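Here the structure is laid out as structure tokens; the discussion comes afterwards.
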Amino acid sequence: MIEEDDDDSSDEELAPMVDGLSGTLCIIILVSMVFIFSGMKTAETYINYGELRFEETQIDLQKKRIYFKGGIHLSNSEISLLNNEIIKSKNEKIIISSYINDRISHSKEKSTYNLLYMASLIKNLGINKEVVLKQGTSEYCPGWNSCIYWDYK
């Protein structure tokens, strides 16, 4: 019987420590959740392209170029024109190049977004061509700080 009394008394002695540890664990979980939610907000802003501005877009089909500021977002009529232009080519490969001036913030990320936008647009239109994505050069974008141009092979 003495052993049972010792077990009961040690449980009573440990109870405040267990309560303290439980409270600490709750605080750690709450702080972690705050960081997780703030990280989700940052990711959401980036996913929604908070850095991109979909402003002016100008298409020159004869030169096979799209000039833009920020990000590309084409209207349905522009998509239709682009679709007709790409279908006219009998070549099996389309090479899409994107140029954004390095002085523009997040230029590499914006260039990647615009290239992927064009590639997904071509695939969503059901155009059966191999798509090659490349980093472009400024010589194809006179007077503009950003453009996409393409060629066929």
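Of the residues making up segment 77-107, those that are more than 16 Å from Trp144 (Cβ to Cβ) and exposed (fewer than 12 other Cβ atoms within 10 Å of the Cβ) are Ser77, Asn84, Lys88, Lys90, Glu92, Ser105. Need the failing condition index for Leu81 against (1) within 18 Å of the chain's Cα centre (by Cα); (2) among the hydrophobic types (A, V, I, L, M, F, W, C); (3) farther than 17 Å from Val131 by Cβ, just the number. All conditions are met except number (1). Candidates are the residues of segment 125-153 that are closer than 25 Å to Asn76 by Cα and of a type in the set (S, T, N, Q); the one that is surrounded by the fewest Cβ atoms within 10 Å (Cβ to Cβ) is Asn128. When the test is whether a residue is of a type in the set (Gly, Ala, Ser) and over 21 Å from Glu55 (Cα atoms), Gly126 passes it.
Looking at this structure, is Ser111 part of a helix (DSSP H, G or I), of a type outside the set (A, V, I, L, M, F, W, C) and more than 21 Å from the chain's Cα centre (by Cα)?
no
Kindly indicate whether any position in segment 62-72 is modelled with pLDDT of 90 or more, out of contact with any Lys or Arg (no Cβ under 6 Å at 6 or more places or on another chain) and exposed (fewer than 14 other Cβ atoms within 10 Å of the Cβ). Yes, the conditions are met somewhere in segment 62-72.
Restricting attention to segment 92-102, does a residue exist that is part of a helix (DSSP H, G or I) and polar (S, T, N, Q)? No, every residue in segment 92-102 fails to be part of a helix (DSSP H, G or I) and polar (S, T, N, Q).
Out of segment 114-153, which residues are polar (S, T, N, Q) and within 15 Å of Tyr99 (Cα to Cα)?
Those that are polar (S, T, N, Q) and within 15 Å of Tyr99 (Cα to Cα): Asn114, Gln135, Thr137, Ser138, Asn145, Ser146.
The values are calculated or read from the model by the stated rules, or taken from the named source; none is laboratory data. It should be emphasised that the depicted structure is a prediction, and the values quoted were computed from it without experimental measurement. We place every Cβ from the backbone using ideal geometry, glycine too, and count neighbours over all the protein chains shown.
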